[in-house]
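I have placed the structure first, in the form of structure tokens, so that the comments after it can refer back to it.
The values are calculated or read from the model by the stated rules, or taken from the named source; none is laboratory data. Since the model is a prediction, treat every value here as computed from it, not as a measurement. Virtual Cβ from ideal backbone geometry, glycine too; neighbours counted across all protein chains shown.
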């Protein structure tokens, strides 16, 4: 490595808007975050999934609710129909 071309690596205290702090290392002197794993809805379990404009319903209407069990049942009925047609 060439000397004096790399940035200084400091030990800093990262601060979130929710008040959580922790020690880490960074090339910046201080870290201020808007959101962290302590307050993010995905990690806290408070995330709400909203179905805007009925996208899920439109998908199910267009393609049907395809599950593994549904596919197995459809394959079984298809196999029965081909057996009875050949017999």
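One line per residue, one yes/no per condition, for (1) surrounded by 11 or more Cβ atoms within 10 Å (Cβ to Cβ); (2) modelled with pLDDT of 80 or more:
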site	(1), (2)
1	no, no
10	yes, yes
15	yes, yes
34	no, yes
41	no, no
85	no, no
When region 11-27 is examined, which residues are found to be within 15 Å of residue 37 (Cα to Cα) and either part of a strand (DSSP E or B) or in contact with a helix residue (DSSP H, G or I) (Cβ under 6 Å, 6 or more places away or on another chain) (or both)? 14, 15, 16, 21, 22, 23, 24
